[in-house]
Amino acid sequence: MALDLVKSVALLLALSLTYSFTIRSLRRRGVLSEVATGFLFAAICMVAVLNPVSLSPGLQVNGSTVVLSMAAAIGGPVAACLAAALALLFYLDVGDFAGWSGVLAMVVSTAAGLAYHQWGRTAVREQWLGWMPLFSLVSQLLTLACLLFFQPGVTDPDFSRMLSAWLIYALAAWGLGRIMDDARQRLQGEDALRAHEARLRATVHAIPDLLCLLDKDGKLVEVLSQVGPGSGMNVSGMVGHTLHDVFPASEADRVLSQIRATLQTSTTLTFEVDLPTLQGPRRLEGRTHALGAEEGDDNLVVLLARDVTNRHAAAEALRASEMRFRSLLQNISAVAVQGFTPDGTITYWNHASELLYGYSEEEVLGRNLVEVLVPPEARSEFRSLIAGMLESGRAPEAREMMLLHRTGREVPVLTGHAAVAGHGNDKELFRFDIDLSERKQTEAELRVAATAFEAQEGMMVTDAHRRILRVNEAFTRISGYEDVEVIGNTPTMFSSGWHDNAFYEELNASLASTGTWQGEMWNRRKNGEIHPQWLHITAVNDETGAVSHFVATVTDITQRKAAEDQIRQLAFYDPLTGLPNRRMLIDRLRHALASSARSAHCGALLFIDLDHFKNLNDTLGHDKGDLLLQQVAQRLLDTVREEDTVARLGGDEYVVMLEGLDEFHDIAASQATAVGEKIIAKLNWPYQLAGHEFHSTPSMGLTLFNGHEVEVEDLLKQADLAMYQAKGAGRNGLRFYDPQMQAAVTKRAELEADIRQGILFGQFELFFQPQVDKSGCVMGAEALLRWNHPTRGMVSPAEFIPVAEDSGQILTLGSWILEAACAQLVAWAADPETRALTLAVNVSSRQFRQQDFAQHILDMLDYTGANPHCLKLELTESLLADNLDDVIVKMSALRARGVGFSLDDFGTGYSSLSYLKRLPLDQLKIDQSFVRDVLTDPNDAAIVQTILALGKTLGLKVIAEGVETGEQRDFLVANGCNSYQGYLYSRPVPADEFLRYVHAVSVREDVA
């Protein structure tokens, strides 16, 4: 039985091989192929029905169920249904029909196969094949079950045989299924390969390039694709030929080296080669690829050759165009061109850029354009501009920018940008800069010119025929004419008629010779007013040198002329009285001297000073003083002739200059005296000063002049000295200049200068005259200033002290005296014999009135370390006449520190008992004028006795100076005077002689 099963199965499998032939023959016939497959499977089933196998009595099986299950599973519903129908008909017709179980088994196996086929359409093929053994077992198990359960007359089944049949048929079904699936897959693979090959061939034939196979020696093995007929190449007949048969030797060797390099490296190489053809030389771009063992031969290469002649020519033309373009950009001088990448790296820099920005091409290539040229504050905006251009693809509008020169200065440019496509998606950017420096400068100059034209000065432009073309607003304001009223006319419309023909002839001559004229001109305004102008005319020449225009600058100098008159008034006239001032007087006096020299006539200067004018200002105020000065000026003008000069020098000083007096000095002096007396009489009249009646008198000095005998300044000095002589004579009078008075003044001036030099060079020194008691013991000394001049010798204090007082140098001398006295006290303090001596120092009233006098003395005592109790200041009675309270305050401040005070020359001035009582004095000093005649003049004796009594009454010590005889001393002792100073004891001596004198007599300490 088993052998029969195997034979049946083998027969079925053998018959199934015809399936492969059938589907291969009819695979492109569609439904016909499926019908043929159905008939084939029906025939196989019929063979199986004819060869049944008995499993047990009444139970037979055949292989039709195996065929039908796989026909349905693999062949599909059409083939399966057709095969099942034909097989069933045949089974019913010729089979050993024992019931419907066989029919059911064939139907079940077909249905199972269709179900498996339907599932396999959605499942993965590997999964579908994997489940096929199980499907074979299940489908055959179902067919045996149908036979077993539905076959009538089966009473004793042989299950071992049934198991064997099930396994063999299941194995046969799986094997049949694999055979059929393999045949189907092979056919599908062949179809796919055939389709791929067809597509590949179509692709190869569609390529307009040469595609061929070459061996390692360069022999043409096969031509896969032929180039087009227009290329001039036909290699289809060259199979079997080598490269040297096609290419020139040099080109063939180069291609052969590429082939061998491709085989050695197994890489794809690209090259270009030139090939001569009937249409001329062609440029080919070749690409070689090695065929490996899997492609069939590892000694062959695939050559793809493309005709790139046109492309190469286009590229060469493009390169030539680019070279011409870059050459054009490089040599263009008006535009600076820079090429750069999107990140700013500079790739191109033409010569104009070198000139504009100062960088050479070698210096900037590879650097960042933004960092090289763009100012820091504009870099962000510039980067945004480039980014926007790259994003939008549109070049931004040209704009003005300020870029940087190599030196750091800014360069104004008009810049534009363009993007040029490069390789791939890369872009090269170009920037085109036009230098605007000259244009900016021109614009600035035009703005300046426009501004200047509309400046405060009037501007007028005429043509060569002097027809007015244009005027500015300032000209309109000056002339009063609107521009429409003057344009087309000539400047003669402004003529005032004040200038003669000679004036205009000179103007025209200057324009013709120098091209310019300037000067003062009087013109007429529209309203008829004639006013001064400062006119500057310039001729403008064209390129031929001919005059094309005239430009006139007009300045209205009306106010300037008024200001000049005012300045002249202020410069030469007194603003209060309107009289000529000192400058004008000196100018007129020079002219008078010159006139006198020519005419030989004399002239006179009268120097007038108002007496006690200061009292008027102090009592009635300066406004009343100004009124008086104005009235005096008017009276002087009323008194003299019109040709005479009345001037005010300042303050209350006037000068009257008389000209045209007689040739003889005596007569001229008489004439001048008469005028002077007349002036004095008139100035003595009462003055009405805003409701106040005031009387004033003048003091007048007079000097004569004739020619240039005396300088101007000297004449004024002479008249001034004569005026002071008049004041000295009692005021309200006239005095002529005396040469002796000038000599005294000169001597005084020289002495003043010598005092200044003496202070500077230390020519002054202190002498000391002892002050003694009635027993002759030295109590102290008076410090007396002495001047040992290098040429004058010893100068008397009576000669230089008044000069120092008047010149103010007494302040410097007084400070030096106090400092030297303090230093002497410090020196005496070191010696027990001189420690208790007092030192009296004379203080001038001018020095004492200094605001900080008391503090200055205290600071000096602190600075030198002198004992203030040994310092005694001698004051004069004249000091007490003014501001007594201030004197008391200063004396009290010094007295509080121990400084003593002595009233010097007591009795010679105005002494008031009231202020003597208030002053913190220590001592009265009897003046030597009383002591000298005390024995012969009863009055002097009475005065001395009175002073001694007064001192005793007020509790003040009294010392007499100028004691020269013993009789004088005895008188003083008899009347109660116990302190003396004079030649009887010692003359004033230097410090060292004073010390010798002290040591020669007994020293008594001052216990007072």
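The values are calculated or read from the model by the stated rules, or taken from the named source; none is laboratory data. This is a predicted model, so every value here is computed, not measured. A quick note on method: Cβ atoms are made from the backbone with ideal geometry, for glycine too, and the neighbour counts reach across all protein chains shown. The accessibility values were calculated without ligands, DNA or RNA, using every heavy atom of the protein model including side chains. Shrake-Rupley method; radii C 1.70, N 1.55, O 1.52, S 1.80 Å.
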Handout entry: Flagged links, alpha-carbon separation over 29 Å, of Lys614/Lys678; Lys561/Lys624; Lys624/Lys727; Lys890/Lys925; Lys614/Lys717; Lys682/Lys727
Key = Lys561/Lys624
Handout entry: With Cα atoms, 0 to 90° folded angle of helix 101-120 axis to the chain main axis
Key = 20
Exercise for the section: Mind jotting down the distance between the C-alpha centroids of the range 935-957 and the range 837-885, whole Å? Expected result: 26
Completion exercise
With every protein chain kept in place and a 1.4 Å probe, the range 753-1005 has an accessible area per residue in Å² of 46
Completion exercise
Of 459-471, 76-88, ordering from highest average Cβ density within 10 Å down gives 76-88, 459-471
Practice task
Mind running the shape call on the range 741-841? Use the C-alpha gyration tensor, a ≥ b ≥ c as the square roots of the eigenvalues: rounded below 1.5 for a/c, prolate if a/b tops b/c, oblate otherwise.
Solution key: prolate
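Taking the Cβ of Arg379 as the centre, find all other residues whose Cβ is under 15 Å away and add up their charges (Lys, Arg: +1; Asp, Glu: -1).
Numbers: positive: Arg367, Arg383, Arg431; negative: Asp343, Glu371, Glu377, Glu381, Glu410.
Result for the local shell: -2.
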Practice task
Indicate the gyration tensor shape class of the range 553-651 (rounded, prolate or oblate), computed on the Cα atoms with a ≥ b ≥ c the square roots of the eigenvalues: a/c under 1.5 is rounded; otherwise a/b larger than b/c is prolate and the rest oblate.
Solution key: oblate
Exercise for the section: Taking each pair of different alpha-carbon atoms in the range 574-737 once, compute 1/r for the pair, average those values, and report the inverse of that mean as the Kirkwood hydrodynamic radius in Å to one decimal. Expected result: 15.9
Practice task
Work the Kirkwood hydrodynamic radius out for the range 434-591: mean of 1/r over every pair of different alpha-carbon atoms, inverted, in Å.
Solution key: 18.5
Fill in the blank from the handout: In vacuo Debye sum over C-alpha of the range 322-441, base-10 log of normalised intensity I(q)/I(0) at q = 0.17, 0.19 Å⁻¹, listed in q order, is -0.84, -1.07
Practice task
With a 1.4 Å probe and every protein chain kept in, tell me what percent of the accessible surface of the chain is carbon plus sulfur.
Solution key: 55
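Less than 15 Å Cβ to Cβ from Lys624, Lys/Arg counted +1 and Asp/Glu -1: what total charge do the surrounding residues give?
Working: positive: Lys614; negative: Asp618, Asp623, Asp626, Asp652, Glu693.
Taking every other residue near Lys624 into account, the sum is -4.
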Practice task
Please determine, in degrees from 0 to 90 and to the nearest 10, the orientation of helix 558-572 with respect to the longest principal axis defined by the Cα atoms of the chain, where the helix direction is its Cα long axis.
Solution key: 30
Practice task
Have a look at the DSSP beta bridges in the range 753-1005 and tell me what percent are antiparallel, nearest 5.
Solution key: 40
Practice task
Starting from the Cα gyration tensor of the chain, multiply each eigenvalue by 5, take the square root, and state the resulting semi-axes largest first in whole Å.
Solution key: 152, 54, 31
Practice task
Would you mind checking the radius of gyration and Dmax of the range 906-995 based on alpha-carbon positions, in Å?
Solution key: 13.8, 42
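State the extension gain, in nm to one decimal, for the chain segment bounded by Lys614 and Ser380, taking 0.36 nm per residue of separation less the distance between their alpha-carbons. Write out the running numbers ahead of the final one.
Details: separation 234, 0.36 × 234 = 84.24 nm, distance 8.01 nm.
Separation in residues times 0.36 nm, less the Cα-Cα distance, equals 76.2 nm.
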Problem - Neighbour-limited loop hits for GluC sites (Glu not before Pro), the range 662-695 (at most 12 other Cβ within 10 Å; DSSP other than H, G, I, E, B) - result: Glu663
Practice task
Compute, for Phe39, the solvent-accessible surface of its heavy atoms (probe 1.4 Å) with the complete set of protein chains present, and express it in square angstrom to the nearest 10.
Solution key: 110
Practice task
Give the angle, between 0 and 90 degrees and rounded to the nearest 10, that separates the Cα long axis of helix 132-150 from the longest principal axis of the Cα atoms of the chain.
Solution key: 40
Exercise for the section: With unit charges on the beta carbon (Lys/Arg positive, Asp/Glu negative), name the residue among Leu469, Val370, Pro790 whose Cα is farthest towards the positive pole of the charge dipole of the chain. Expected result: Val370
Exercise for the section: Between Glu967 and His856, with labels modelled 7 Å along Cα→Cβ, what's the label distance in nm to one decimal, could you check? Expected result: 4.5
Practice task
Select from the range 307-409 those GluC sites (Glu not before Pro) which occupy a DSSP coil region and have at most 12 other Cβ atoms within 10 Å, ordered by residue number.
Solution key: Glu397
Fill in the blank from the handout: Honestly the range 753-1005 on the Cα gyration tensor test (a ≥ b ≥ c root eigenvalues; a/c under 1.5 rounded, otherwise a/b vs b/c for prolate or oblate) is just rounded
